[in-house]
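Shown next, in structure tokens, is the structure this report addresses.
The values are calculated or read from the model by the stated rules, or taken from the named source; none is laboratory data. These numbers were taken from a predicted model, which means no experiment stands behind them. We place every Cβ from the backbone using ideal geometry, glycine too, and count neighbours over all the protein chains shown. Surface accessibility is based on the protein's heavy atoms, side chains included, excluding ligands, DNA and RNA. Shrake-Rupley method; radii C 1.70, N 1.55, O 1.52, S 1.80 Å.
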Amino acid sequence: MADTKLVLENLSKTDPFTRKDLEEAIRKCGYTVSSNTVKHMLSRLTNTGKITRVDFGLYSCRAPAPIYNYEYSDLTKKVVSDIALIIPYPDFRIFEFKQLSEFTKSGSADNMIFVSAEKGMARKVYSTLCPKYPGLVMLDPDPEELRRYLPVGMIVIGNLPTESPSGNPFFWQTPLEKMLVDIAIDKHPGSVIGRNEYPDIYKNALGSYSV
């Protein structure tokens, strides 16, 4: 049986690697290679967590990046409860501006809540939240208006694009990949983020978590 440690040392030089790379690494360690040898070693290394599959036919010796997780504020959790009372199963996502502080140098402590509601529900969400949060709710504001006011705790309501990915463990949470797309193409969060901060946000987010 091939020495696992020696094989992994050889593979680390070509990480990520393919089945063919694994075959070559086994051969370099002085062992006879067969299709069964490669198959069994791939299975053994994957099952023991020594390697991970990162794509179809592509493997890595590196530990997989953690899944993004964020603890939403008490205000957001209250907003979620308020929206859930409108109809039994509304489809919406929430993104907090403060989520970006982990990935930027400025690390702003200010917060703003962006609510994206399914088609036809944005106005109903707005009329429901307005009495509960007087002066803090805006419905589809234009970017200039949003930049001009920017009070802490502002709740900005917009439309949810079709086929938006759901969060985990709660559907209304915004997955990291959606957040990175939204700050680039959604006029609401995109209007309050400095373009000079984008390189740090993408570099730090993609370098820290699995996307």
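A few remarks follow.
- Whichever residue in region 144-191 is touching a helix residue (DSSP H, G or I) at 6+ places or on another chain (Cβ under 7 Å) and of a type in the set (S, T, N, Q) and, among such residues, is farthest from Gly120 (Cα to Cα): Ser191
- Qualifying residue in region 86-95 (condition: surrounded by 13 or more Cβ atoms within 10 Å (Cβ to Cβ) and more than 25 Å from Leu176 (Cα to Cα)): yes
- Count of region 19-57 residues which are under 28 Å from the mean Cα position of the chain (by Cα) and open to solvent by less than 50 Å² (accessible area, probe 1.4 Å): 4
- Within region 58-78, tally of residues that are touching a strand residue (DSSP E or B) at 6+ places or on another chain (Cβ under 6 Å) and open to solvent by less than 40 Å² (accessible area, probe 1.4 Å): 3
Table: residues versus (1) of a type in the set (Asp, Glu); (2) farther than 21 Å from Ile67 by Cβ; (3) at pLDDT 85 or above; (4) touching a strand residue (DSSP E or B) at 6+ places or on another chain (Cβ under 8 Å).
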residue: Phe170; (1), (2), (3), (4): no, no, yes, no
residue: Leu180; (1), (2), (3), (4): no, no, yes, no
residue: Ser191; (1), (2), (3), (4): no, yes, no, no
residue: Lys203; (1), (2), (3), (4): no, no, yes, no
residue: Gly207; (1), (2), (3), (4): no, no, no, no
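- Residues (crowded, with 16+ Cβ neighbours inside 10 Å and either closer than 19 Å to Lys78 by Cα or over 21 Å from the mean Cα position of the chain (by Cα) (or both)) located in region 140-172: Pro141, Leu146, Met154, Ile155, Val156, Ile157, Gly158, Gly167, Trp172
- Taking region 1-18 as the range and being among the hydrophobic types (A, V, I, L, M, F, W, C) and either within 30 Å of the chain's Cα centre (by Cα) or under 19 Å from Arg62 (Cβ atoms) (or both) as the test, the residues that pass are Leu6, Val7, Leu8, Leu11, Phe17.
- Neighbours by Cβ (under 7 Å, 6+ apart or cross-chain): first from region 109-121, of a type in the set (Val, Ile, Thr); second at pLDDT 85 or above and open to solvent by 10 Å² or more (accessible area, probe 1.4 Å): Ile113/Leu75
- Positions within region 1-31 being farther than 17 Å from Thr48 by Cβ, part of a helix (DSSP H, G or I) and either in contact with a Ser or Thr (Cβ under 6 Å, 6 or more places away or on another chain) or not charged (D, E, K, R) (or both), in sequence order: Asn10, Thr14, Asp21
- Annotation: of all residues in region 1-18 being surrounded by 13 or more Cβ atoms within 10 Å (Cβ to Cβ) and among the charged types (D, E, K, R), the one that is modelled with the lowest pLDDT is Asp15.
- With a requirement of 1 or more residues that are more than 30 Å from Lys13 (Cα to Cα), out of contact with any Cys (no Cβ under 9 Å at 6 or more places or on another chain) and at pLDDT below 85, the helices (runs of 4 or more DSSP H) lying completely within region 32-149 that satisfy it span 143-149.
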